[in-house]
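To start, the structure under review is shown below, and the notes come after it.
The values are calculated or read from the model by the stated rules, or taken from the named source; none is laboratory data. If you're wondering where the values come from, they're calculated on a predicted model, not measured in any experiment. Virtual Cβ from ideal backbone geometry, glycine too; neighbours counted across all protein chains shown. Quick note on the areas: whole protein, heavy atoms, side chains included, nothing else; ligands and nucleic acids left out. Shrake-Rupley method; radii C 1.70, N 1.55, O 1.52, S 1.80 Å.
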Amino acid sequence: MFATLPLTTPCLALVMLLGHTPVSNDLPLQTSSSQPSAIYGGEPVPEGGFPEIVAIQTGSLLCTGTLLTNRVIITAAHCFQNDVSPSSIRVSTGNSSQGPRYDVASYGVHPDFCGDLEVCKEDIHDVAYILLDEPIAVTPAEVLLDQADWDSGMFVGAMVTLVGFGLDENLNSGVKRAVTVPITHFTTSGHEFRAGGEGKDSCQGDSGGPAFIELEDGRRLLVGVTSRGLDCGEGGYYTLPASELCW
C-alpha cells in the first residue's frame, strides 16, 4: 500500500500558481542530532546545470535554494535564525556562490519551525521562502504534487539527487555540486525523509537545497529541502515541500 502524498486543500491557490495539479492529504521520518549541511562525495555540476538552484548568503552563512517561480525561492528556515534583514541577503545564480547577484524584497520562515532539536525530534518545518525584487530568467523547478508521481518515485531505496554549494570532502565550498543517493527512511507523519550515507551526502552550506527525483518520463521533480544531518557523509533529513505548501 502506498502512503498518501501530504497536501491539503488550502494549498490549492499556491498549487495553481506553481502550475501543478493538486492531490490529497497526508504522509512520514526519524530524528537527527546535529544541524545541517555541502555536497559531500559528489561532483561539480557542469556549467549551466541545475540553473534553478541558487546560492544564498547572509553574512558568513552559506545556504542553497531552489526557484519555485521566477521570483520565489524555497530554502531552509534555519538559514534565517539570526533574523537578518532582506537587504543583507545575497542570492546568486550560476555555478559559483559569487555569481550574478539578485536583491531580495522579503522572506518568510515557517511559523511552526522548531530549531531546538532537543525538543523537536522530527518534522520540524524547516522551510522558508525568499521573494526576489526581480525575476530570474530560468525555468523554475517542478514540485512533486501528484499522487501517481509519488507512488512511482518515492519509496525507500529510490534515488534522489542532492544539489548545493556546501562543503565537499576536502572542506571546499561555494561551487555547485551534485550527488545521487538513496532514500533510507520516512518519518511516520510523512513530512520528512532521510537520504544518503556511506560518504555521499549533503553538508554545511547545502542547507535549503533540493533533493530531486527523476521519473521514467524524464521529468525532474523537487521532493525535498535539505534540513539537517549527522556528520557529513552519514546521511541527512529532507523536508517534503508538498507538505508545507499550504503555509
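Of note:
- Top-ranked residue of the stretch 98-113 - restricted to ones that are assigned to a loop (DSSP other than H, G, I, E, B), over 17 Å from the mean Cα position of the chain (by Cα) and not acidic (Asp, Glu), ranked as nearest to Asp133 (Cα to Cα): Pro100
- Taken over the stretch 195-206, the residue count meeting the criterion of being open to solvent by 40 Å² or more (accessible area, probe 1.4 Å) and under 22 Å from Ile124 (Cα atoms) is 1.
- Close Cβ contacts (under 9 Å, 6 or more residues apart or on different chains) running from residues in the stretch 52-71 that are more than 19 Å from Phe212 (Cβ to Cβ) to residues that are open to solvent by 30 Å² or more (accessible area, probe 1.4 Å) and assigned to a strand (DSSP E or B) comprise Gln57/Arg90; Thr58/Arg90; Arg71/Ala105; Arg71/Leu131.
Conditions tested, residue by residue: (1) open to solvent by 10 Å² or more (accessible area, probe 1.4 Å); (2) assigned to a strand (DSSP E or B).
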| site | (1), (2) |
| --- | --- |
| Gly208 | no, no |
| Glu234 | yes, no |
| Tyr237 | no, yes |
| Ser243 | yes, no |
| Trp247 | yes, no |
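- Answer residue from the stretch 139-168, given it is among the aliphatic types (A, V, I, L, M) and over 18 Å from the mean Cα position of the chain (by Cα) and is nearest to Leu5 (Cα to Cα) among those: Ala148
- Residue count for the stretch 220-232, restricted to those that are open to solvent by 10 Å² or more (accessible area, probe 1.4 Å) and at pLDDT below 95: 3
- Selection of first residues in the stretch 152-168 that are more than 21 Å from Ile39 (Cα to Cα) and of second residues that are open to solvent by 10 Å² or more (accessible area, probe 1.4 Å) and not in a strand (DSSP E or B), restricted to Cβ pairs under 6 Å at least 6 apart or on distinct chains, gives the following pairs, ordered by first then second residue: Gly153/Leu215.
- Of all residues in the stretch 56-76 being assigned to a loop (DSSP other than H, G, I, E, B) and not aliphatic (A, V, I, L, M), the one that is most open to solvent (accessible area, probe 1.4 Å): Ser60
- The criterion of being farther than 23 Å from Ala55 by Cα and in contact with a strand residue (DSSP E or B) (Cβ under 9 Å, 6 or more places away or on another chain) does not hold for Arg194.
- When the residues of the stretch 143-175 are filtered to those that are farther than 30 Å from Leu61 by Cα and polar (S, T, N, Q), the one that is surrounded by the most Cβ atoms within 10 Å (Cβ to Cβ) is Gln147.
- Residue match in the stretch 120-141 (condition: touching a helix residue (DSSP H, G or I) at 6+ places or on another chain (Cβ under 7 Å) and charged (D, E, K, R)): yes
- Pairs with Cβ under 6 Å, 6+ apart, first in the stretch 125-144 and farther than 15 Å from Glu244 by Cα and assigned to a loop (DSSP other than H, G, I, E, B), second among the basic types (Lys, Arg) and at pLDDT 95 or above: Pro135/Arg71
- Number of positions in the stretch 40-55 that are buried (at least 21 other Cβ atoms within 10 Å of the Cβ) and part of a strand (DSSP E or B): 4
- Contacts under 6 angstrom Cβ, first residue in the stretch 79-103 being closer than 26 Å to Phe113 by Cα and aliphatic (A, V, I, L, M), partner at pLDDT 95 or above and open to solvent by 30 Å² or more (accessible area, probe 1.4 Å), 6 or more apart: Val91/Tyr102
- Search result, residues across the stretch 107-124 that are farther than 13 Å from Ser243 by Cβ and of a type in the set (Asp, Glu): Asp116, Glu118
- Within the stretch 176-194, the set of residues being under 24 Å from Leu62 (Cβ atoms) and outside any loop (DSSP other than H, G, I, E, B) comprises Arg177, Ala178, Val179, Thr180, Val181, Glu192, Phe193, Arg194.
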